[in-house]
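Derivation of every value follows stated rules applied to the coordinates shown; laboratory data play no part. Computed from a predicted structure; not experimentally measured. Ideal geometry is used to build each Cβ from the backbone, glycine not excepted, and the neighbour counts take in all protein chains shown.
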Amino acid sequence: MAKIALITGASSGIGEACAHTFAQQGYHLILAGRRAHLLEKVAHSLVAKYAIEVKILQVDVRDNEDLTYKLDTLAPQWKKVDVLINNAGLSQGLDPIDKGNTSDWDIMIDTNIKGLLYVTKIVSAWMVEKKSGHIINIGSIAGKEVYANGNVYCATKHAVDALNKSMRIDLLPHGIKVTAIHPGAVETEFSIVRFKGDEARAKKIYDGFDPLVAQDIAEAIWFAASRPPHVNINDMLIMPTAQANGSLIKRD
Ligand code: NDP
Ligand code: 8X3
């Protein structure tokens, strides 16, 4: 029987690349995100190409009530999730702490920490029941170190790093693998979202060097997901060659 992967934030970037990679490997997919038209587009292209089934879950991971209802009411065969990719996340703004916008802070905390927790609570319970599964959390270099004006975004990704480690402890008795993948700069919609649609400012982030692309991260996620049963990748930090740490990028 084909395995199932649930990918949050599958409508663009890293999540969308994971959908393609896992579909290519024959996984049935649950694709979650808010923009249903983009999820449908991804689903159509995958179903046309691979012999897989895809379920769309239009959901805002911050809305625990709606999320719980939609996950609870999935047909039993879709609850046998083998791999959960906790990828939905975002940054809003890049301001010093004294000038930060508190609604930006709420959005980042509610999505990157609370949303990840809401999804994990439900799906990990399904995995506990079947005594197997793999949770892959998408952290960031921002979860390993902090950079100027990254304050709250960095804090949310440090929380993901902490949750990744504590989930692994809590789920150890149940044979569930837990992995974090921490990317440096990946050119996706991430910076356009951070700068609220200012595409010119977003483009500047990637000027003068080769950033990672979403597929680089999808391949690392697949590497972690495809290890034999006795091997777990705890943590992987993946940077563009031109990026030494959270702040230092060599530009042409
Ligand atoms: P994108 O903006 O391209 O993708 C983000 C995805 O998250 C979208 O599919 C979006 O879907 C989804 N998402 C955001 N908010 C919500 C929400 N409230 N509910 C459901 N889905 C949501 O960026 P990336 O692919 O780059 O980001 C993916 C992950 O990688 C994030 O966790 C990000 O923090 C992390 N990351 C990114 C890096 C980068 O440089 N790009 C580096 C390190 C980590 P929709 O809008 O349809 O809801
Ligand atoms: C996204 C990468 O460098 O903007 O997590 O924090 S960075």
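Quick rundown of the values:
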{"quantity": "Student exercise, region 1-128 dipole from Lys, Arg, Asp, Glu Cβ charges, in Debye to nearest 20", "calculated": "520 debye"}
{"quantity": "Computed over the chain, Cα set: Rg, Dmax in Å", "calculated": "17.4, 54"}
{"quantity": "Share antiparallel - DSSP beta bridges, the chain, percent rounded to 5", "calculated": "5 percent"}
{"quantity": "Estimated FRET transfer efficiency (I97, M1; beta-carbon r; R0 41 Å; 0.05)", "calculated": "0.20"}
{"quantity": "Helix 36-49 axis, angle to the chain major axis (alpha carbon atoms, nearest 10°)", "calculated": "60 degrees"}
{"quantity": "Alpha-carbon Debye profile of region 77-144, log10 I(q)/I(0) at 0.14, 0.15, 0.27 Å⁻¹", "calculated": "-0.53, -0.58, -1.18"}
{"quantity": "Qualifying lysines (Cα of each under 23 Å from Cα of K250; at least 8 residues distant if same chain)", "calculated": "K144, K203, K204"}
{"quantity": "Dipole in debye (nearest 20) - region 4-238, about Cα centre, beta carbon charges: Lys, Arg +1; Asp, Glu -1", "calculated": "560 debye"}
{"quantity": "Degrees separating the helix 13-24 axis from the principal Cα axis of the chain, which is the longest one", "calculated": "30 degrees"}
{"quantity": "Cβ-based charge dipole, the chain, positive-most Cα from I30, F190, G175", "calculated": "G175"}
{"quantity": "Positive-end residue of L163, G150, G93, charge dipole of region 4-238 with Cβ unit charges", "calculated": "L163"}
{"quantity": "Cβ-based charge dipole, region 163-252, positive-most Cα from A200, N234, Q215", "calculated": "N234"}
{"quantity": "Restricting region 127-202 to trypsin sites (Lys or Arg not before Pro) in coil, as DSSP defines it, with at most 11 other Cβ within 10 Å", "calculated": "K131, K196"}
{"quantity": "Nearest-ten-degree value, helix 151-171 long axis tilted from longest Cα axis of the chain", "calculated": "30 degrees"}
{"quantity": "Count of lysine pairs in region 20-93 with Cα separation under 19 Å (8 or more residues apart, or interchain)", "calculated": "7"}
